[in-house]
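Okay, structure first, notes after.
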Amino acid sequence: DVGGVQVKITNGFSKEEYKIPKEVQAMEDEGLEKLSYEEQLNDLSVLMKLLLRGASNSLWICGKGGIGKTHTVEAGLADHGLRDGSGYFKNTGSASPIGIYKLLFRYRDGIILFDDSDGALADQDSRNILKAATDTKKVRKLVWNKESRNMADPDEIDPEDETDTRIPKYFEFTGKILFISNLPMNKLDPDGALRTRGLIIDISPTTEEVFQFMEKIVDNIPLEDGLRLDHESRLEVVQMLRNNNRGEINLRKLVRGLNIRAALGNTSDVERMLRLYA
């Protein structure tokens, strides 16, 4: 017995409502200790280690964009000698239900990183597949119950035949899943199903925490080829961003700001260009 979980494909509805179970809500209402931005990123690094050491089959990371989620995850993978295409596969962009199923089959014994794939969570078929794939059992059985082209019974497929591109209607999955999302936790996991299956963390810094973090890492931000900027000039960029705080504050804005400052030099246009275009 491999402890299989059958994926029951149902039609998703855009207005489908979820209700978080009372026991899950109760845990949230108790409240966890509010961690600083740096502590949250440090915890993410620790959770990465737990995943890679087998403590969980999945890790779900949510929070607004541009605050270091992907960088921290990829750095953690690199620390274990893993690179995209060599140790894990990174899926970015759209992810249809059948596409996810095929991806899980292809990397059924490996690590799959979903990034910028929030659309998958809006589709109930995709959510069902991901929930089955991230169940707590070591071996999970995934089943595709819809009629689809290029699908076949497993015993009809020759695993030694590299020209056979068919996908089995069911297979055993032992891999691990990382999912990075810009959704808030109540949108990422509206029914509490994901957090009962794997590790989940919400990276949610305040605006001032982001600025303070910028000041600490500003010298570590690489610039475009040929551009140079000293420490004091880099700190000036952070202060300009703070003085002209408008819209979403994130680390991508800092990168753009540093490159603008380095390219323009110390001219009168710098602050205006940062305010409008960083």
Somewhere in the range 145-165, is a residue touching a helix residue (DSSP H, G or I) at 6+ places or on another chain (Cβ under 9 Å) and buried (at least 20 other Cβ atoms within 10 Å of the Cβ)? no
Residue hits (the range 242-278; surrounded by 16 or more Cβ atoms within 10 Å (Cβ to Cβ), in contact with a helix residue (DSSP H, G or I) (Cβ under 6 Å, 6 or more places away or on another chain) and not acidic (Asp, Glu)) are ARG242, ILE249, LEU254, GLY257, LEU258, ILE260, ARG261, VAL270, MET273, LEU274, ALA278
The residue from GLY99, GLY76, GLY81 that alone is at positive phi, open to solvent by 10 Å² or more (accessible area, probe 1.4 Å) and without any contact (Cβ under 8 Å) to a residue 60 or more places away in the chain is GLY81
Can you report the number of residues in the range 192-217 which are open to solvent by 20 Å² or more (accessible area, probe 1.4 Å) and in contact with a Lys or Arg (Cβ under 7 Å, 6 or more places away or on another chain)? 1
What about LEU35, is it farther than 22 Å from LEU121 by Cα, surrounded by 12 or more Cβ atoms within 10 Å (Cβ to Cβ) and at pLDDT below 95? yes
Do we find a residue being among the β-branched types (Val, Ile, Thr), closer than 27 Å to ASN250 by Cα, open to solvent by less than 50 Å² (accessible area, probe 1.4 Å) and not in a loop (DSSP other than H, G, I, E, B) anywhere in the range 63-72? yes
So for the range 95-111 (the condition being under 29 Å from GLY257 (Cα atoms) and in contact with a strand residue (DSSP E or B) (Cβ under 7 Å, 6 or more places away or on another chain)), does at least one residue qualify? no
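The values are calculated or read from the model by the stated rules, or taken from the named source; none is laboratory data. What you are looking at is a predicted structure, and each value in this text was computed from that prediction instead of being measured. Cβ coordinates were reconstructed from backbone atoms using ideal geometry, including for glycine residues, and neighbour counts include every protein chain displayed. Surface areas here come from the heavy atoms of the whole protein model, side chains and all, with no ligands, DNA or RNA. Shrake-Rupley method; radii C 1.70, N 1.55, O 1.52, S 1.80 Å.
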